[in-house]
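Working notes, structure below.
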Amino acid sequence: MKHPDIKEILISEADIKKKVSRMAKILNKDYKGQKPILVSVLKGSVVFLCDLIRELDFAPVLDFISVSSYADSTESSGVVRLLMDLRESIVGRDVLIIEDIVDTGLTLSYLKRNLLTRKPKSLKICVLLDKKECRVKKIDVDYTGFVIPNKYCVGYGLDYCQMYRHLPYIGVLKPEIYRKPQ
Ligand code: PRP
């Protein structure tokens, strides 16, 4: 059932499931027999991570990092802040960043730069959603689920003011919801 604050469902639960399986299959080939560290970028990517890892044949190590550039706004502040660092050392390890969405590219550019200074063996990026037309910083993504238009999306981990992350689909928020004062 569609949440009343959602204008339209952009990607259904079934389509997400199919895509996540397809992405897992590709990762299973590329990381066969390896033990990469999956770096999940909190908080948005956790739902994607949880579904993805349950389809993996290799043995991933999970770690989490928290950055923020949006605060409670719908627009990136342009300043990426590291809120919580990894627990694991990634020196000499294969690292795969797991993200829900790449928009301006500022978050992933910052993360890539930051993690590369720690000398991993390899560093790749896996994102479910790509708002290609919004890119400010060029960033090469290795695994992409869906390219989506520039609409304010929530659900499947994505939030507006920390809400709607639990929705099982990706939906477009009604403009009157994010335009009204909180
Ligand atoms: C969102 C998303 C990405 C980032 C992408 O995070 O999860 O990390 O924005 O945007 P960019 O490409 O323009 O940098 P947010 O800062 O909203 O935090 P959250 O994951 O906790 O919701």
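Does the range 144-152 contain at least one residue that is under 22 Å from residue 173 (Cβ atoms), in contact (Cβ under 8 Å) with a residue 40 or more places away in the chain, aromatic (Phe, Trp, Tyr) and in contact with a Ser or Thr (Cβ under 7 Å, 6 or more places away or on another chain)? Yes, because at least one residue in the range 144-152 is under 22 Å from residue 173 (Cβ atoms), in contact (Cβ under 8 Å) with a residue 40 or more places away in the chain, aromatic (Phe, Trp, Tyr) and in contact with a Ser or Thr (Cβ under 7 Å, 6 or more places away or on another chain).
Before we move on, is residue 16 under 19 Å from residue 156 (Cβ atoms) and within 16 Å of the ligand (Cβ to nearest atom)? Outline the logic, then answer.
On the way: under 19 Å from residue 156 (Cβ atoms): yes; within 16 Å of the ligand (Cβ to nearest atom): yes.
Spelling it out, residue 16 is indeed under 19 Å from residue 156 (Cβ atoms) and within 16 Å of the ligand (Cβ to nearest atom).
The single condition from (1) surrounded by 18 or more Cβ atoms within 10 Å (Cβ to Cβ); (2) without any contact (Cβ under 8 Å) to a residue 24 or more places away in the chain that residue 4 fails is (1).
Starting from the range 159-182, take each residue that is at positive phi and list its partners that are modelled with pLDDT of 95 or more and buried (at least 19 other Cβ atoms within 10 Å of the Cβ), counting only C-beta distances under 7 angstrom and pairs at least six apart or across chains. Short answer, once both residue conditions are applied: 164/154; 164/155. The residues of the range 125-169 that are within 18 Å of residue 104 (Cβ to Cβ), within 11 Å of the ligand (Cβ to nearest atom) and hydroxyl-bearing (Ser, Thr, Tyr) amount to a single one, 160. Scanning the range 130-160 for residues that are over 18 Å from residue 112 (Cβ atoms), exposed (fewer than 14 other Cβ atoms within 10 Å of the Cβ) and not β-branched (Val, Ile, Thr) gives 133, 149, 150. Of everything listed in (1) away from the ligand (no atom under 15 Å from the Cβ); (2) more than 21 Å from residue 47 (Cβ to Cβ); (3) surrounded by 13 or more Cβ atoms within 10 Å (Cβ to Cβ); (4) not hydrophobic (A, V, I, L, M, F, W, C), the single unmet condition for residue 176 is (3). The strands (runs of 3 or more DSSP E) found entirely in the range 72-147 that carry 2 or more residues being modelled with pLDDT under 95 and over 15 Å from the mean Cα position of the chain (by Cα) are 81-84.
Residues to consider are 47, 67; find the one that is modelled with pLDDT under 95, within 12 Å of the ligand (Cβ to nearest atom) and not in a loop (DSSP other than H, G, I, E, B). Can you show your working first?
On the way: 47 fails: modelled with pLDDT under 95.
Selected residue: 67, the only one of 47, 67 that is modelled with pLDDT under 95, within 12 Å of the ligand (Cβ to nearest atom) and not in a loop (DSSP other than H, G, I, E, B).
Hey, can you tell me all the residues within the range 163-182 that are at pLDDT below 95 and assigned to a loop (DSSP other than H, G, I, E, B)? Reasoning before the result, please.
Of the range 163-182, the ones at pLDDT below 95 are 175-182.
Residues satisfying the conditions are 180, 181, 182.
What number of residues within the range 96-137 satisfy the criterion of being over 23 Å from residue 21 (Cβ atoms), β-branched (Val, Ile, Thr) and in contact with a helix residue (DSSP H, G or I) (Cβ under 7 Å, 6 or more places away or on another chain)? Result for the range 96-137: 2.
The values are calculated or read from the model by the stated rules, or taken from the named source; none is laboratory data. What you see is a predicted model; the values in this text were computed from it and never measured. Because the Cβ atoms are built from the backbone with ideal geometry, glycine has one as well, and the counts that use them run over all protein chains shown.
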